[in-house]
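Inspection log for the structure reproduced underneath, given as structure tokens.
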Amino acid sequence: MDWVSTKATKYADVPYEEKLRLFLEVKNDPRYEDYLYGCYECGICVSACPSARFYDYSPRVIAQTMAREDVDRFYEIMVEDIWNCAQCFSCVRCPRQNNPGGLVTLIREVAVRNGLKEARDVLQGYSRVIYKVMLKGNQVSPDMLQPDFFPDWGPWVREFSANMDVWRQAIPADTMRGVTDAAWRTDEKTLRELYTIWFETNNIDIVREVDEGLYELLLDVMEEVLEEEEVA
Amino acid sequence: MSAGFVPVEEILDRKSRPVLRDPREAPTHDLREELFELEAKGELIVMRVPEPYVEVTTKFGRKKKIPIEHTWHHKSCGQCGHIPGYSASIFWLHRQFGLDFLDPTDQTSCTGWNYYASATSNAVAQLAVMSRNFAAAYETGYFPLIHCGTSYGHYKEAREQLIHHKEMRDEVRRILDKLGKPLVVPEEIVHYSEWVHVMRHRIAERKVIDMSHLTACVHPACHYYKIVVEDAIYDPDIYGAQRTATVTGLLTALDINVADYSTWFDCCGFGFRHVLVQRDFTRSFAVLRKIEVMKNEVDPDMVVTHDTGCVTTLDKSQFAAKAHNRKVGVPVLSDAQVAAMAMGAHPFRVLQLHWHSTDWRPLMEKLGIDWQRYWEEFQEDLDAIRRGEKPGLTWEDADQPIVTVA
Ligand code: SF4
Ligand code: SF4
């Protein structure tokens with residue numbers, strides 16, 4: 001008897017074939033074979049995992065589920081668990097050389113690529129970082145440190161915010177001095193090359209799945225920059 | 001007493017016994033052999049570590065070459081953007097030793113944040129971004145020195161993927177062709193803290209601030225030694241090679257007392273997406289599993305680490321915890337900042353301590369550094385910039401140590 005198909009599942013409204021399709025998308029990633037070699041259920045990964053300590057989350061369950069090819073459980077993990085991982089890779093102390101954090105990365109990528117609602121929800125409020133990474137080639141910048149976004153960092157953020165421009169001028173390194181919208185000064189040619197990479201690897205299409213508005217904005221800016229280059 | 005009960009004395013006794021491993025059983029795989037084979041087949045160019053370099057021992061005994069100069073500084077966005085004294089200290093140290101290096105503008109970050117936080121990326125895009133940076137370094141003739149622990153860990157993993165997956169390699173080469181760049185892979189992926197490690201005795205020779213009365217806790221950065229574990233530096237004289245030697249090596253060379261604590265293996269709580277949109281996790285983890293444990297067990301004068309997110313997380317998470325009367329209040333610095341501080345770097349022009357939020361003043365006072373005097377000096381700099389008399393600080397303002405050897 002096929003125990004998988006008779007088991008009560010949490011997301012019974014999603015067809016098994018759809019869950020299987022997503023599972024195979026993860027399993028067929030070329031990195032997959034480097035990340036999973038089977039699982040002893042020893043829990044060594046769990047003992048090292050920061051997210052297991054604070055959430056109902058377990059890298060062991062992820063490795064086990066993938067190794068058993070439990071497609072229904074995989075779907076639950078994809079919807080409920082993956083965004084809890086802190087991507088610290090403490091779990092790679094696994095005696096079987098598994099990389100549960102790496103498996104999480106693969107599952108996340110498939111969730112995003114397929115525009116899963118849960119992935120879109122989780123990444124709300126994330127657009128600014130994606131915008132920075134893709135347009136500036138830097139993921140964080142001084143102008144992201146705003147008091148209303150980091151109130152728990154204390155009065156320091158307010159002091160910083162009031163002085164950002166002059167503090168940035170007061171850094172002796174040429175590449176950083178005065179730069180507030182990126183971490184350092186980057187050549188225009190470098191950014192053009194980066195945009196080419198986003199197009200050539202279809203990375204830009206992934207953004208569309210997460211945030212259509214951001215996608216349109218990025219597309220406009222990048223295409224304009226690349227067209228200018230062609231004209232020149 | 002239940003059958004499975006083990007008295008705490010016995011656990012402590014077991015923990016105190018060294019773990020003896022047979023070095024002959026260590027994995028000896030050296031990725032560089034495959035790299036050179038691919039180069040011989042004309043698939044890629046291997047960028048050699050320039051002379052002079054120092055050889056160090058990695059986890060399983062492989063010798064790794066760490067270049068001293070002619071380095072291309074692959075900066076970290078988190079360091080440059082939010083803790084600029086970290087990067088400035090790395091450059092300041094190079095300048096103090098008169099070493100040849102390049103701080104490029106033809107560099108993007110690794111974009112690993114897209115990968116680890118939001119997954120709005122894919123493997124080939126990540127490899128192409130890395131390879132574009134390496135090709136840019138190759139064009140200048142300078143060898144990449146990676147400032148960020150995440151970029152370093154990510155690039156080590158990405159290098160393995162590039163070597164082991166021909167279809168990815170072909171795709172990256174096609175993209176680089178479009179950019180007019182060759183596919184270049186450095187012989188070694190080197191983290192700046194490895195450079196600090198091999199420079200530690202030269203740094204100690206130039207020490208002008210006595211630090212022998214300080215106690216520090218080290219937070220080893222996860223992405224430095226947990227991703228591609230075999231490539232981090234280990235030294236039998238440092239924790240019996242049971243932990244990575246970087247950072248601790250520098251601190252002991254500076255005569256600082258490095259105190260152990262029970263949660264050393266734990267991450268800092270950064271979490272990539274968590275530090276931005278789920279900071280309750282980040283704060284709780286940083287405080288409950290790191291800072292408070294250090295406070296309770298050793299009460300250090302400072303925490304020293306060697307990665308971007310760790311400095312930010314451990315430093316910035318302490319404010320909210322203080323409001324809850326948790327035991328916090330330990331300044332957090334990078335190894336490069338501590339090295340520069342020992343050699344007399346200006347606390348604000350170089351170390352840029354005003355970007356740190358946990359109170360660093362008691363540490364300055366314990367070191368006998370009159371921070372108020374330097375803060376006033378720095379305020380004059382800022383006023384001159386505000387008045388338009390100075391376009392900004394330069395190395396001319398920052399190179400001079402605050403204390404010089406008599
Ligand atoms: S990478 Fe994720 S699963 Fe692994 S230890 Fe860190 S938080 Fe846990
Ligand atoms: S993934 Fe590895 S460490 Fe985790 S339970 Fe399985 S075998 Fe053990």
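Which of the residues spanning the stretch A:152-161 are within 24 Å of the chain's Cα centre (by Cα) and surrounded by fewer than 22 Cβ atoms within 10 Å (Cβ to Cβ)?
Just the residues of the stretch A:152-161 that are within 24 Å of the chain's Cα centre (by Cα), to begin with: A:152-153.
Result: A:D152, single match.
Just to be sure before I move on: is A:V79 within 16 Å of ligand 1 (Cβ to nearest atom) and away from every other protein chain (no Cβ under 11 Å) in the structure I sent?
Taking the combined requirement at face value, the residue does not satisfy it.
Would you call A:L116 more than 16 Å from B:H274 (Cβ to Cβ) and either within 16 Å of ligand 1 (Cβ to nearest atom) or in contact with a Leu (Cβ under 7 Å, 6 or more places away or on another chain) (or both)?
The answer is no for A:L116.
Those residues that are within 7 Å of another protein chain (Cβ to nearest Cβ) and either buried (at least 21 other Cβ atoms within 10 Å of the Cβ) or in contact (Cβ under 8 Å) with a residue 24 or more places away in the chain (or both), I need them from the stretch B:95-106; list them, please.
B:D103, B:D106
Got a sec? Which of A:V210, A:V179 is in contact with a helix residue (DSSP H, G or I) (Cβ under 7 Å, 6 or more places away or on another chain) and modelled with pLDDT of 95 or more?
Just one listed residue meets the conditions, A:V179.
Go through (1) among the hydrophobic types (A, V, I, L, M, F, W, C); (2) within 11 Å of chain B (Cβ to nearest Cβ); (3) away from ligand 1 (no atom under 14 Å from the Cβ) for A:V71 and report which single condition fails.
Condition (2) is where A:V71 drops out.
Among the residues that make up the stretch B:246-262, is at least one of them assigned to a helix (DSSP H, G or I), at pLDDT 95 or above and either within 28 Å of A:G101 (Cα to Cα) or among the charged types (D, E, K, R) (or both)?
Taking every residue of the stretch B:246-262 in turn, at least one turns out to be assigned to a helix (DSSP H, G or I), at pLDDT 95 or above and either within 28 Å of A:G101 (Cα to Cα) or among the charged types (D, E, K, R) (or both).
Just checking, how many residues over the stretch B:187-210 are over 14 Å from the mean Cα position of the chain (by Cα) and not in a helix (DSSP H, G or I)?
Residues in the stretch B:187-210 being over 14 Å from the mean Cα position of the chain (by Cα) and not in a helix (DSSP H, G or I): 7 in total.
If the Cβ limit is 8 Å and pairs must be 6+ apart or interchain, which residue in the stretch A:69-96 that is over 18 Å from A:V14 (Cβ atoms) and in the same structural domain as A:F54 (by TED's automatic domain parsing) pairs with which residue that is within 15 Å of ligand 1 (Cβ to nearest atom) and hydroxyl-bearing (S, T, Y)?
A:N84/A:S51; A:N84/A:Y55; A:N84/A:Y57; A:C85/A:S51; A:C85/A:Y57; A:A86/A:S51; A:Q87/A:T105; A:Q87/B:Y116
Being closer than 30 Å to A:F74 by Cβ, surrounded by fewer than 18 Cβ atoms within 10 Å (Cβ to Cβ) and touching a helix residue (DSSP H, G or I) at 6+ places or on another chain (Cβ under 9 Å): is that true of A:D121 here?
Details: closer than 30 Å to A:F74 by Cβ: yes; surrounded by fewer than 18 Cβ atoms within 10 Å (Cβ to Cβ): yes; touching a helix residue (DSSP H, G or I) at 6+ places or on another chain (Cβ under 9 Å): no.
Criteria not met by A:D121.
Scan the stretch A:71-106 for residues that are under 21 Å from A:D205 (Cα atoms) and touching a Phe, Trp or Tyr at 6+ places or on another chain (Cβ under 8 Å) and jot them down.
Matches in the stretch A:71-106: A:T105, A:L106.
Can you tell me which residue among A:A63, A:A86 is among the hydrophobic types (A, V, I, L, M, F, W, C), closer than 25 Å to B:C310 by Cβ and near ligand 1 (Cβ under 10 Å from one of its atoms)?
Residue meeting the stated conditions: A:A86.
State yes or no: is B:G112 under 15 Å from B:G153 (Cβ atoms) and without any contact (Cβ under 8 Å) to a residue 60 or more places away in the chain? Give the steps one after another, and end with the answer.
Working: under 15 Å from B:G153 (Cβ atoms): yes; without any contact (Cβ under 8 Å) to a residue 60 or more places away in the chain: yes.
Yes; evaluated as a whole, the condition is true for this residue.
Do any helices (runs of 4 or more DSSP H) entirely within the stretch A:1-101 hold 1 or more residues that are more than 9 Å from ligand 2 (Cβ to nearest atom), and if so, which?
A:3-6, A:16-27, A:32-35, A:50-54, A:59-68, A:71-80
Can you say whether B:F134 is more than 28 Å from B:R202 (Cα to Cα), touching a residue at least 60 places away in the same chain (Cβ under 8 Å) and more than 8 Å from chain A (Cβ to nearest Cβ), as far as the supplied structure shows?
Here the answer is yes, as B:F134 does meet what is asked.
Would you confirm whether or not the stretch A:190-209 contains a residue that is in contact with an Asp or Glu (Cβ under 6 Å, 6 or more places away or on another chain), outside the structural domain of A:R113 (by TED's automatic domain parsing) and in a helix (DSSP H, G or I)? I'd like the intermediate steps shown before the answer.
Let us first name the residues in the stretch A:190-209 that are in contact with an Asp or Glu (Cβ under 6 Å, 6 or more places away or on another chain), namely A:190, A:192.
Add one more test, that the residue is outside the structural domain of A:R113 (by TED's automatic domain parsing), and what stays is A:190, A:192.
From what's left, in a helix (DSSP H, G or I): A:190, A:192.
Yes, the conditions are met somewhere in the stretch A:190-209.
Please work out which residue is nearest to the chain's Cα centre (by Cα), limiting yourself to the stretch B:353-406 and to residues that are closer than 20 Å to B:R95 by Cβ and away from every other protein chain (no Cβ under 13 Å).
B:P401
Go through the stretch B:165-199 and give me each residue that's among the small types (G, A, S) and within 14 Å of chain A (Cβ to nearest Cβ).
B:G180
The values are calculated or read from the model by the stated rules, or taken from the named source; none is laboratory data. Everything quoted here is computed from the prediction, not taken from an experiment. Note that each Cβ is placed from the backbone with ideal geometry, even for glycine, and that neighbours are counted across all protein chains shown.
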